[in-house]
Every structure is written in C-alpha cells, then in structure tokens.
1. From the square roots a ≥ b ≥ c of the eigenvalues of the alpha-carbon gyration tensor of region B:49-169, which class results: rounded (a/c under 1.5), prolate (a/b over b/c), or oblate?
2. Shape of chain B from its Cα gyration tensor (a ≥ b ≥ c, root eigenvalues): rounded if a/c is under 1.5, otherwise prolate when a/b > b/c, or oblate?
3. Can you list the lysines whose alpha carbon is less than 21 Å from that of B:Lys519, not counting same-chain residues fewer than 8 positions off?
4. Residues with amide H under 5 Å of B:Phe413's amide H, sequence separation 5 or more or different chain, H placed in the peptide plane at 1.01 Å from N; which?
5. Considering the dipole of the protein assembly as shown built from charges on the beta carbon (Lys and Arg +1, Asp and Glu -1) around the Cα centre, which of A:Gln17, B:Leu436, B:Gly63 is farthest to its positive end?
6. Straight-line reach from A:Lys43: which lysines have a Cα under 24 Å away, not including same-chain ones fewer than 8 places off?
7. Among B:Ile351, B:Ala242, A:Gly41, pick out the residue whose Cα is farthest towards the positive end of the charge dipole of the protein assembly as shown, where Lys and Arg carry +1 and Asp and Glu carry -1 on C-beta, about the Cα centre.
8. What is the angle, in °, between the Cα long axis of helix B:523-549 and the longest principal axis of the Cα atoms in chain B? Nearest 10 is fine, range 0 to 90.
Amino acid sequence: LSIIFCVNQVVGDNDVQSIVMSYLLHNCFNETADSLASCTGMKQPAIDRDNMERRKQIIHFILERKALKAVELTEQLAQDLLEKNKDLHFDLLCLHFVELVCVGKCTEALEFAQTRLAPFGKVQKYVEKLEDVMALLAYEDPEKSPMFHLLSSEYRQQVADNLNRTILEHANHPSYTPMERLIQQMTVTRQYLTEENGKDAFPPFSLKDSLKG
Amino acid sequence: MENGSWDFLGSKGLVKKHEFVRILVQCLYSLGYKRSASCLEQESNVSYKSSDFEFLEMQVLSGNWDSSLAVLDRVFDNSKDEARNTALYLVFKQCLFECLKRGDTSLAINVLQKQAPMLKVGKEKIHRLACDIVTSKEMEYGEVSNFLVEDLRKRLLVELEKLIPSPIVIPEGRLEHLVETAVLDQIDKCLYHNSCDAVSLYKDHLCGRDQIPSETVQILMAHKNEVWFVQFSNSGKYLATASSDCTAMIWKVLDDNRVELMHTLQSHQNPVSFVSWSPDDSKLLTCGNAEVLKLWDVETGVLRHTFGNNDNNSGFTVSSCAWFPDSARLVCGSSDPERGIVMWDTDGNEIKAWRGTRIPKVVDLAVTPDGESMITVFSDKEIRILHLETLLERVITEEKPITSLSVSGDGKFFIVNLSSQEIHLWDLAGEWKQPLKFSGHKQSKYVIRSCFGGFESSFIASGSEDSQVYIWNLKNAKPLEVLSGHSMTVNCVSWNPRNPRMLASASDDQTIRIWGPGKPNKPENRLQTDTFLLFEFWYAVVFWIAGIET
C-alpha cells in the first residue's frame with residue numbers, strides 16, 4: 001500500500017489545459033476545442049481530424065435515434081470493428097429495434113428482430129438482454145413497460161460512449177481521457193485511505209462535492 | 001361419455017364404477033391393446049377421453065386457437081395456477097409460430113399485446129413469448145410444411161395432457177399406480193420381507209420365515225476355544241473367525257453356500273477378539289483386547305505386518321480397527337488410553353494419531369463406507385462421530401455402557417449394544433433426537449455384538465448370553481425370530497452382505513453356526529402336520545385298544 005503524499009505542488013496551467021483539451025477532443029467537441037486553443041494560445045495536439053469528424057457524426061446519429069446509420073458509418077470507418085466487437089454490434093442493433101417500437105412500427109420491428117437479432121439468440125450471453133428487448137413488443141405503450149430504461153437518452157448516451165471508445169481503441173488511440181484516469185485514480189486512492197484510516201479522516205471521493213468547492 | 005347411473009364397486013362401495021372402467025380403458029390403451037380398449041369403451045359406454053378433451057383435441061389439431069384457449073380457460077378454475085398459465089403459454093407459442101411462418105406479423109403483435117394479457121397469462125410468460133420469436137428452436141425452421149405443423153400440434157396436445165387436471169384428463173398410468181400403492185403397503189407390513197423380487201398379485205403378500213435365515217444348515221468346528229468374532233467378507237465369499245485359542249481362521253463360502261476352512265492364521269500370543277476385512281477383501285486385520293494388530297494376506301494366509309511392535313516387551317494392544325475405502329489405509333483404537341487412535345498405511349507407517357486427555361480407552365471403532373466419518377465408542381458410554389475433512393464432531397452420550405458398534409451397509413445408520421440388554425439404532429445424519437431401541441436378548445456381563453442384515457438392511461441380528469441368536473425387523477422393537485442351537489453364549493453374528501438368507505454366529509461353545517432359510521410356515525404345512533398328528537392319534541388308539549384286548 002503506497003501512501004500518496006500531498007505535496008504542495010503547483011499544477012501548471014499547461015497541464016490543466018492539456019487535460020481539458022484531450023477531454024474535448026475525445027468527445028468530439030471540435031468547435032469548443034478550437035475556441036480553447038485560440039483563447040489560451042496553446043497548441044492543439046496533432047490528432048486525426050477526419051477520425052474525430054466521423055466519430056462526431058456517429059455519436060449524433062445514435063443520440064438522434066438513427067442507430068442503423070451509425071452502424072453504416074462505423075462500417076465505413078473501420079470495416080472489421082463491429083465484427084470484432086459483437087457485444088457492441090448487438091447493442092446497436094437492439095437500439096434500432098427499440099427505435100422502431102417507439103414510433104409504433106411493431107411489425108417492422110418484429111421482422112427486423114427475426115432477421116438481424118435472431119442469430120444472437122443462439123448465444124447464451126445475449127439471451128437475457130434479448131428477452132428484455134423483445135418484451136417491449138408486448139406493450140402497446142413501451143414507456144409503461146418495466147424495460148423503459150432502454151428508451152431513455154441516458155441509455156443511448158451510454159451506447160454512444162461505448163462506440164466512441166471502441167473506435168478510438170481500434171485506431172490505437174487511448175480510449176480513456178486523462179481526466180477520467182485522474183478521477184479514477186483519485187477514487188481508488190481515497191478508498192485505500194478510507195480503509196486504512198476510517199471514513200471520518202478520509203471520506204470517499206465524490207466529484208460532486210469537489211465541484212461544489 | 002359418462003354414464004348417468006352411479007354404480008359403486010368394492011365391499012364398502014367406495015369406488016365409482018365409471019371411474020374404474022375409465023382407468024381400465026386407459027390401462028388397455030397404454031399396454032397397446034387398442035382394439036380391446038375401444039371395444040370396452042363401446043360396451044361400457046364409458047369413454048377414456050372426456051368430452052371437453054375431445055373438443056380441445058379437435059380445436060388444437062385444426063388450429064382454432066381462440067376456441068382452444070377458451071376451453072383451457074374454462075377447464076382451469078384458478079387463474080393463478082401455474083399449470084394453467086403454462087398450458088395457455090404453450091398454445092400461444094404455437095399460435096405465434098404459425099402466424100409468423102405464414103408472414104402474418106400484425107396478428108402476432110396482436111396476440112402479444114392484446115390476447116395474452118386478456119387471458120391473464122402473467123407478465124413472465126408474455127415476455128417469454130416475445131423472446132421465443134427469436135430464440136425458440138422451432139422458429140429456426142425455414143420452410144414449414146403442413147406435415148410439420150400437424151406434428152407440432154400433436155406434440156402440443158401431449159404437453160397439454162400433462163397439465164390439464166382431472167377429471168378432464170386422468171394422470172398417466174393411474175391403474176398401475178393404484179396397484180403398486182397397494183402392493184407397497186402390503187410389503188411394508190410384511191415383517192419377513194427380504195428381497196426385491198416382484199410380488200404376486202393373486203394373493204395378499206406375506207412372507208414367511210423361509211425368507212430369512214432361521215435354521216442351522218452347517219456347524220463349523222475348528223477352533224479349540226471360545227469363538228469371539230465372526231464376519232463375512234464384503235463380497236460375501238469368505239468368512240473370518242477369531243477365537244480365544246489365539247488364532248483367526250479364514251473360510252471360503254462355496255457356490256452351494258457350504259463353508260469350508262481355507263487358512264488358519266497363527267501368530268498371536270493372546271486371544272484374538274476382532275477382525276476386519278479390507279474393502280477389497282484382499283487383506284485381513286486381526287487384533288485383541290490384550291493383543292497387537294496384525295495384517296494378513298487373504299489369498300495366501302501369510303502374515304504381512306505386525307503394527308506398533310517396536311519394543312518386544314510392550315506391544316501396542318488394539319481393541320478394534322477399521323479400513324478406509326482405498327484398502328490402503330486403516331485406523332485402530334487401543335484399549336490402552338496412552339496409545340489413542342492411530343491411522344496407518346499397510347506398510348506400517350503412521351499417518352496420523354489422536355492421543356491425549358480427550359482420548360480415553362476405545363471400546364469400538366468404525367469408518368463409514370464412504371470414508372468420510374469415523375465413529376468411535378469411548379469407555380464406556382460415549383459415541384463420537386468425527387467428520388474427517390471438516391473435523392466437525394458429534395457426541396452422543398448413552399445412559400448405559402456400550403459394548404460394541406456396527407455400521408449399516410449404506411452408511412446411514414449404526415447400532416450399539418448396551419450392557420442394559422438394549423440395542424440402540426442411531427442415524428449418522430444426526431437428525432434423530434432419540435434412537436430406535438430393540439430388546440429381547442440377554443446381555444449383562446459380556447461383550448455381545450450385533451449386525452445389520454438382509455435386503456436393504458431391514459433386519460438386525462444379535463448374539464445373546466442365553467445362547468440364542470436374535471433377529472429383529474427394524475420396524476419392531478421385539479424380536480421377530482429367536483434361533484436356538486448353540487449351547488453357550490453367542491458372542492457375535494454376521495449377516496452375509498451378498499446373500500440375504502445367510503447368517504453366521506460365533507459362540508463360547510467353540511463352534512460357528514451357519515444359518516439358512518427356515519421351513520415355510522404355510523397353512524399347507526400345518527395341514528400336513530395336523531393330518532400326521534391325526535394319524536398318530538389313531539395309531540395310538542388302535543394300539544391301546546389292542547393292548548387292552550391282550
């Protein structure tokens with residue numbers, strides 16, 4: 001167990017800006033990234049602009065309930081990516097199914113399920129998710145079903161994040177931003193300290209509380 | 001169709017005639033006698049299939065799902081019944097399958113969203129229906145022929161039959177079940193029952209004493225002093241005896257069940273009071289209260305090893321011993337509390353030992369057939385059951401001194417002989433608060449041993465100080481049979497584990513007796529004896545008259 005010493009070190013502006021920039025680029029906020037660069041005068045790191053543009057589009061398609069278009073673009077960007085990440089492919093297809101059910105195209109959804117989702121039904125690990133997804137068909141008002149979380153924007157964001165990371169990984173870029181890494185480290189360190197010294201001395205790390213100041 | 005008049009059968013009028021006939025018809029169909037079955041249906045006007053079921057059959061086979069569902073809904077009266085919901089689910093599943101194969105997806109959606117919920121099939125089943133659309137095996141079929149649909153509908157009916165309650169559908173094999181129940185009940189009441197053979201239906205089952213060993217068939221005289229121990233080998237093909245003449249003997253059981261001496265094991269300096277067969281019957285252990293433990297090879301009768309004999313003066317006296325299932329490790333307990341309990345391998349290396357203040361004098365010792373537990377009787381009222389892996393111990397304290405211990409063949413029970421003339425039966429699982437008690441024999445001064453025996457260990461046999469062998473059926477605390485023959489105390493008995501009709505007993509009268517099936521106590525025999533006595537009587541009368549006349 002290594003104890004981190006809180007040295008009164010000044011964290012340089014450059015470091016902070018780099019962290020923020022990498023976060024913006026990861027999440028394809030290119031306009032914001034350009035603004036930040038021009039305001040601070042920092043140099044933008046050399047990144048694949050084209051890759052970022054495409055990722056931006058793909059993410060938007062998912063959030064705008066156009067999962068099939070997202071799949072199409074992903075296949076254009078990296079042919080074997082979805083083949084190698086079947087879980088993700090499955091999630092995207094399920095999203096499309098959910099989209100069809102939501103707009104009342106139940107028969108189309110059923111036919112889509114029979115052709116595209118059925119192959120996944122043979123693999124045990126997808127069956128539980130498939131049960132939840134298919135059950136939406138049984139409800140005239142899917143919002144009232146127990147699986148309503150599949151219709152939520154939080155869920156779509158989750159799938160979009162996942163796809164984003166997978167594309168970055170596939171292109172050999174880091175799939176987690178330094179910001180996320182720092183927060184993860186902070187949480188784990190705090191956890192060790194809490195275990196050693198008790199909750200009163202070192203409460204568990206909470207980002208929310210830290211942001212309150 | 002059901003008969004309007006309600007005739008009753010049986011001496012007490014408890015059985016409805018039409019139900020009886022319907023069960024008969026079911027039995028005939030299941031035995032393959034279709035013509036007879038249908039003939040009986042016509043003659044008696046009792047039909048095997050109820051009208052509801054025949055209607056359901058028609059609807060299912062023609063794919064009229066709405067009617068099928070309506071019938072099922074009516075037939076099950078409780079909507080919470082799991083069988084009902086499963087039956088409805090199965091019909092919906094077939095209906096969905098056929099819709100989708102026809103390409104009628106909108107109807108399928110309708111079934112899921114409206115029909116199923118209306119019949120209150122339950123959320124879980126509806127979700128499963130939706131999932132079946134993509135996961136069920138039947139959906140994988142590409143082209144669906146009429147033949148396949150017909151076949152699936154027939155299979156659906158078979159499944160529905162299992163779920164629908166009586167009297168719409170009667171349970172499979174009903175007549176056979178009723179007959180078997182009666183037979184099992186008779187067997188349960190039969191105290192001499194000692195086999196798994198089929199039982200005749202022509203008369204009420206009752207076994208006689210010809211089922212258990214109750215007559216002497218052979219007397220073995222070879223020992224020169226009191227015989228203290230006897231035990232059949234696990235295979236039932238050999239017999240070992242131990243005597244105060246300081247020898248042990250191995251006998252062979254021949255094919256006709258006669259017993260012949262094979263080896264005399266001579267090496268002990270003191271009386272031998274205990275033997276133990278290795279589970280594979282290749283080795284024999286012998287020991288005595290004031291004697292050491294010796295290991296012998298069964299086939300040759302050669303001494304393999306003497307245990308704990310490091311210094312010539314003080315040997316390690318062993319009162320009892322037991323084997324582990326691998327026939328390579330054994331454990332023994334000493335009558336000398338200093339020695340404790342020791343586990344050895346067959347080469348004489350000590351593997352483990354229990355010594356100390358917690359280990360007093362060992363009266364008797366056994367290992368369960370699965371090798372998991374060791375049961376030890378400590379002087380003189382304590383039984384400890386130790387689970388060898390978890391080291392959990394269970395202690396039973398008896399009220400009177402225990403002289404011996406015996407474990408049942410299936411390892412589920414054990415019996416102990418108490419010097420208060422009782423045999424106590426305990427369960428190894430530890431669920432019983434009180435033991436089963438058996439009495440009737442005599443035991444107050446000596447070590448008397450008992451054993452389990454017979455088919456499924458249904459019996460207990462014990463020696464006794466009144467020179468008789470006592471046999472109990474586990475269902476009764478009083479003896480079933482008392483066998484006379486020996487002239488002195490019977491010390492030990494052993495029931496052949498492979499021959500439920502063979503018992504051996506060892507006595508202070510220096511002999512071993514082999515017991516076999518008794519003469520049946522059938523009425524025909526009694527008649528013969530009665531007739532014989534009648535003749536005897538008239539002979540006596542004739543001679544008396546003749547005597548007077550002279």
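Every read-out reported here was derived from the displayed coordinates using simple, explicitly stated rules and does not represent laboratory data. Owing to the predicted nature of the structure, the values given are computational and were not obtained by experimental measurement. Note that we place each Cβ from the backbone using ideal geometry, even for glycine, and neighbour counts take in every protein chain shown.
1. On the way: a/c = 1.88, a/b = 1.26, b/c = 1.49.
Judged from the Cα gyration tensor, region B:49-169 comes out oblate (a/c at least 1.5, b/c at or above a/b).
2. Working: a/c = 3.22, a/b = 1.68, b/c = 1.91.
The shape class here is oblate.
3. B:Lys189, B:Lys203
4. Here the answer is B:Ser408, B:Leu428, since their amide H atoms fall under 5 Å of that of B:Phe413.
5. B:Leu436
6. Straight-line reach from A:Lys43, under 24 Å: A:Lys56.
7. A:Gly41
8. Its long axis makes an angle of about 50 degrees.
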